[in-house]
Amino acid sequence: MTADTVETRDGHTSGTARWAPGEHILWRYRGNATDRFHICRPVTVVQDTDELLAVWMAPGTVCVKPVLADGTPVSREPLASRYTKPRRVVRDRWFGTGVLKLARPGDPWSVWLFWERGWQFKNWYVNLEEPRRRWSGGVDSEDHFLDIAVYPDRHWEWRDEDEFAQAQADGLMPASQAGEVQAAARAAVEQITEWGAPFADGWEHWRPDPQWTLPALPDDWDRVPGRSPS
């Protein structure tokens, strides 16, 4: 990975390079209430324009994810202690079907598409998150816990409302930030109700280029943008 020259919100500014289709970048999340990265997913660029960044996370991709200090998966820990017990990060493979991620510049969410085996489309997933910061090696964000599942018949439902509430109770999200997330969620619901982009854009029929190679997880996956590797 090259030395970084720019860090911006995921829109483009002067001097920011476009990523070409098929190029490999990193999609990362910082841990809440910390500057340390705890999720890193190597992805392949599908499209990179002023309107949209689309990336593909292929099955079998080696990623970084958080676990509890004793190795327990985060999702298996009772909610009351899920965010207070010590954690560490581990490398693991994405064993599910692939995920197509769509992000519009400045939106405080990204939209993910999921399929069942055999490319049977399952649903869209609106992941509430900090607007992504773009750097030479990829994009960085922070997950905001609350999510929205959207189905082909156009109905939608909230997801992880309990985690959103617990994160606030545990001090990972101040009241002011929680209010901003709730406002973003309402804005996302408005877009779902209107059934505009990206839901009406036919992305569920998209398929990856069979010649694409699997992205690798670099040793410096957690590097700070703007700093050359030591």
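Across region 78-105, which residue is farthest from Lys122 (Cα to Cα) among those that are surrounded by 13 or more Cβ atoms within 10 Å (Cβ to Cβ) and aromatic (Phe, Trp, Tyr)?
Tyr83
Looking at Trp112, Trp156, which one is closer than 18 Å to Trp206 by Cβ, in contact with a strand residue (DSSP E or B) (Cβ under 6 Å, 6 or more places away or on another chain) and surrounded by 15 or more Cβ atoms within 10 Å (Cβ to Cβ)? Break it down stepwise before answering.
Values: Trp156 fails: closer than 18 Å to Trp206 by Cβ.
Just one listed residue meets the conditions, Trp112.
Only one of these conditions is not met by Arg186: (1) of a type in the set (D, E, K, R); (2) open to solvent by 90 Å² or more (accessible area, probe 1.4 Å); (3) farther than 19 Å from Asn123 by Cβ; (4) in contact (Cβ under 8 Å) with a residue 40 or more places away in the chain. Which number is it?
(4)
Can you tell me how many residues in region 32-52 are surrounded by 17 or more Cβ atoms within 10 Å (Cβ to Cβ) and either of a type in the set (Asp, Glu) or touching a residue at least 40 places away in the same chain (Cβ under 8 Å) (or both)?
Number of matching residues: 12.
Taking the options Leu128, Leu113, Leu100, Leu146, name whichever one is touching a His at 6+ places or on another chain (Cβ under 6 Å), under 26 Å from Ala185 (Cβ atoms) and either modelled with pLDDT of 95 or more or part of a strand (DSSP E or B) (or both).
Within the list Leu128, Leu113, Leu100, Leu146, the selection yields Leu128.
Pick from Ala3, Ala20: which is open to solvent by less than 60 Å² (accessible area, probe 1.4 Å), in a loop (DSSP other than H, G, I, E, B), aliphatic (A, V, I, L, M) and modelled with pLDDT of 60 or more?
Ala20
Inside region 33-46, can you point out the residues that are at pLDDT 95 or above, over 17 Å from Leu214 (Cα atoms) and of a type outside the set (Val, Ile, Thr)?
Within region 33-46, Arg36, Phe37, His38 meet the criteria.
Considering (1) out of contact with any strand residue (DSSP E or B) (no Cβ under 7 Å at 6 or more places or on another chain); (2) without any contact (Cβ under 8 Å) to a residue 12 or more places away in the chain, say which one Glu77 fails and leave the rest.
Looking at each condition in turn, Glu77 falls short on (1).
Considering only residues of region 198-230 that are of a type in the set (A, V, I, L, M) and open to solvent by 40 Å² or more (accessible area, probe 1.4 Å), which is modelled with the lowest pLDDT?
Val224
Can you tell me how many residues within region 159-180 are more than 14 Å from Val111 (Cα to Cα), outside any helix (DSSP H, G or I), touching a Phe, Trp or Tyr at 6+ places or on another chain (Cβ under 9 Å) and free of Cβ contacts under 8 Å to residues at least 60 places away in the same chain?
1
The values are calculated or read from the model by the stated rules, or taken from the named source; none is laboratory data. What you see is a predicted model; the values in this text were computed from it and never measured. Here the Cβ is made from the backbone with ideal geometry for all residues, glycine too, and neighbour counts use every protein chain on show. To get the accessible areas, we keep the full protein, side chains included, count just its heavy atoms, and leave off ligands, DNA and RNA. Shrake-Rupley method; radii C 1.70, N 1.55, O 1.52, S 1.80 Å.
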